[in-house]
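Input: a single structure, listed below in structure tokens.
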Amino acid sequence: MIRVMHIFFDVDQTLICQEGTLRPGVGELFSRLRADGHHLYVWSGNGMRWEVLDRYNLRHLVAGCFFKPLYNFRDAVERARLPVLPDACVDDSPEVVAAFGGVVVEPYGLPNPLDREMQRVYEALHRYWSE
Ligand SMILES: [Mg+2]
């Protein structure tokens, strides 16, 4: 069964490296997921990161930015009364993915033009929503 998902992306070391450069394939991944009908959100323990989305012209693909809780994830998300809850998360922190489901990515620490994690994420999410 195909279902529309609310997909929540972490920022640091998931979408951008420590220096702030964008991981290869992020724009393509966001565009493909939107074309598939999914709703994308970006959340970060460092607050709402619209500036990162603006820097890389990704804002138009993202429905919302939120503050990501750092622990007690499910309770904290309920307390925060977000307008939507994550159906799947993409995060370099396994704890976040353990709490909500989704895909754990290799931390993107340094710029690497050969990094292909975002293609793998698309395939993993595709399996996820086809289940
Ligand atoms: Mg992170």
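The values are calculated or read from the model by the stated rules, or taken from the named source; none is laboratory data. Remember, it's a predicted structure, so these values are computed and weren't measured experimentally. For accessibility, only protein heavy atoms count, side chains too; no ligands or nucleic acids. Shrake-Rupley method; radii C 1.70, N 1.55, O 1.52, S 1.80 Å.
With each run of n ≥ 4 DSSP H residues scored as -39500 (n - 2.57), what mean residue ellipticity at 222 nm is computed for the chain after dividing by its residue count and rounding to the nearest 500 deg cm²/dmol?
-9500 deg cm²/dmol
For region 1-96, what relative contact order do you get, as a whole percent, if you take Cα pairs closer than 8 Å and at least 6 residues apart?
38 percent
Can you give the percent of C-alpha pairs in region 1-58 whose distance is more than 18 Å?
Roughly 32 percent, once rounded to a whole number.
Please report the antiparallel percentage of DSSP beta bridges with both residues in the chain, rounded to the nearest 5.
Restricted to the chain, the bridges split so that about 5 percent are antiparallel.
For region 61-102, treating each Cα as an identical point scatterer without solvent, what Debye log10 I(q)/I(0) comes out at q = 0.22, 0.27 1/Å?
Debye intensities relative to I(0), on a log10 scale: -0.75, -1.11.
Could you derive backbone 3J(HN,Hα) for region 104-117 from the dihedral phi with the Karplus parameters 6.51, -1.76 and 1.60 (θ = phi - 60°), listing whole Hz in sequence and x where the residue is Gly or Pro?
8, 9, 4, x, 9, x, 10, x, 8, x, 8, 4, 10, 4
Ratio to report: Rg/Rh of region 6-130, with Cα atoms as the point set and Rh obtained by the Kirkwood method; give two decimals.
Result for region 6-130 is an Rg/Rh of 0.92.
Taking every DSSP beta bridge with both residues inside region 5-70, roughly what % is antiparallel (nearest 5)?
10 percent
Using a 1.4 Å probe, what is the accessible area per residue for the chain, in Å²?
53 Å²
May I ask you to derive the relative contact order of region 19-67, considering only C-alpha pairs under 8 Å and at least 6 residues apart, and to give it as an integer percent?
Reported relative contact order: 40 percent.
Show the residues, 5+ positions off or on another chain, whose built amide H is closer than 5 Å to the amide H of V103.
Under 5 Å from the amide H of V103: C89, V90, D91.
What is the mean projected area of the alpha carbon convex hull for region 72-131, to one decimal in square nanometres?
One quarter of the hull surface, i.e. the mean projection, equals 5.1 nm².
Spelling out what I want: for every residue of region 89-100, take phi, set θ = phi - 60°, compute 6.51 cos²θ - 1.76 cosθ + 1.60 (Karplus), and round to whole Hz; glycine and proline get x.
Karplus-based 3J(HN,Hα) across region 89-100 equals 10, 10, 7, 7, 9, x, 5, 5, 5, 5, 6, 10 Hz.
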